[in-house]
Amino acid sequence: MSDRAPFKVVIVGFDGVLGSALTGALDLFSFTGVSWQRFLDQDIQPKFNVQIASLQKADIRCSNRLIIQAHCDIKDIEHCDLLLIPTIGDSIDKVLAHSTELLTELQRLANTGTDIASNCSGAFLLAKAGLLEGRAATTHWGYANKFKQDFPNVNLQQQHFVTQSDNIFCAAGGSAFYDLALLLIERYCGREISAQVAKTQVIDKKTGHQDSYTNVTLHTPHSDPVVSQVQEYIEQNFAEPLQVSDLAKRVNITPRTLNRRFQSCLSMRPIEYIQAVRIEQAKRLLESADVSIKSLAYQVGYHDLSSFSRLFKRATHLTPKAYQNKFARTVS
């Protein structure tokens, strides 16, 4: 597509947007064909014409109280090459409840065949507009359960940083947007320009899965006091040998009943909960201390290092050592 530059990019502004997500997208696309050329004293050739559009060209009140002026009314946009939906920084339900008119405009522009991309919780706006029905999508891992509950007909691939379904793209959130932006820049301008942007912005491409960043949701709200009692015992004694049969005896029910009640409350069996607590504790230790992997396994209740490593990698898509290298908090 590089012969058609500059390409028209429209960033959708709305009250409650995450300010840094909106301005970050504005900067990244606006300086494509600019920053690299300035560094090398070459002719500047902007590759994108970027505009921020809101309903009635109204000022945009970001979630951090920053007020941004829109360039145009989204209703005046007849066509664009790329429509960007940034992160919702305010309450998702609140933003969606006030977005009926905006959703209509998203649907209208989708019918023009434009590429559409969302970042993080911006996927909720696409889903609410019906644009993700039966499609693959992703969002921030912290919103995955809510997204699945609100939009069960969307193929949520929460482990992925970036998804593509035809002309609709989603980024998981945070810095995953940069991976999506580089993919889109390459789509329009080619690999060389995308590489230039990555170098000038010092962007390292992510590898792996979003699961590496996920905190296990160990405290899903429920009203079963028996399950709560067993949860508390597991969390206080995770380093000790734990058997489901022994846990069931502690609360005077059968292992089968305990399994059923855990599944009902937490969507996991007691043995899976034990593993989740241990892996979560292992992650915390790897993040905060210079601990050996063998010592770590013992500290969280595993006496078989290979079994621990296998379970850890299954949960995070990283080996314990790779996780430590990636997330350990060190001062250099």
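The values are calculated or read from the model by the stated rules, or taken from the named source; none is laboratory data. Worth saying up front: this structure is predicted, and the values here are computed from it rather than measured. Every residue, glycine among them, receives a Cβ derived from its backbone with ideal geometry; neighbour counts consider all protein chains shown.
Some values worked out for this structure:
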{"read-out": "Residue list for region 45-67, restricted to those being surrounded by 17 or more Cβ atoms within 10 Å (Cβ to Cβ), farther than 15 Å from Glu101 by Cβ and touching a helix residue (DSSP H, G or I) at 6+ places or on another chain (Cβ under 8 Å)", "value": "Lys47, Phe48, Val50, Ile52, Cys62, Ser63"}
{"read-out": "Region 57-68 residues that are part of a strand (DSSP E or B), paired with ones that are surrounded by fewer than 14 Cβ atoms within 10 Å (Cβ to Cβ) (beta carbon under 6 Å, 6 or more apart)", "value": "Arg61/Ile67; Ile67/Asp59"}
{"read-out": "Checklist (1) over 22 Å from Ser121 (Cβ atoms); (2) surrounded by 13 or more Cβ atoms within 10 Å (Cβ to Cβ); (3) at pLDDT below 85 applied to Thr207, failing item", "value": "(2)"}
{"read-out": "Residue match in region 1-23 (condition: within 18 Å of Glu186 (Cβ to Cβ), surrounded by fewer than 16 Cβ atoms within 10 Å (Cβ to Cβ) and small (Gly, Ala, Ser))", "value": "yes"}
{"read-out": "Search result, residues across region 232-274 that are among the hydrophobic types (A, V, I, L, M, F, W, C) and in contact (Cβ under 8 Å) with a residue 40 or more places away in the chain", "value": "Ile234, Phe238, Ala239, Leu242, Cys265, Leu266, Ile274"}
{"read-out": "Answer residue from region 313-332, given it is modelled with pLDDT under 85 and of a type in the set (Gly, Ala, Ser) and is nearest to the chain's Cα centre (by Cα) among those", "value": "Ala328"}
{"read-out": "Ala144 vs. criteria of a type in the set (A, V, I, L, M, F, W, C), modelled with pLDDT under 95 and out of contact with any Gly (no Cβ under 9 Å at 6 or more places or on another chain)", "value": "yes"}
{"read-out": "Residue within region 17-32 that is under 19 Å from Leu126 (Cβ atoms), in a loop (DSSP other than H, G, I, E, B), in the same structural domain as Glu186 (by TED's automatic domain parsing) and not polar (S, T, N, Q) present", "value": "yes"}
{"read-out": "Pair list, Cβ < 8 Å and 6+ apart or interchain, from region 135-164 residues that are on the phi > 0 side of the Ramachandran plot to residues that are among the polar types (S, T, N, Q)", "value": "none"}
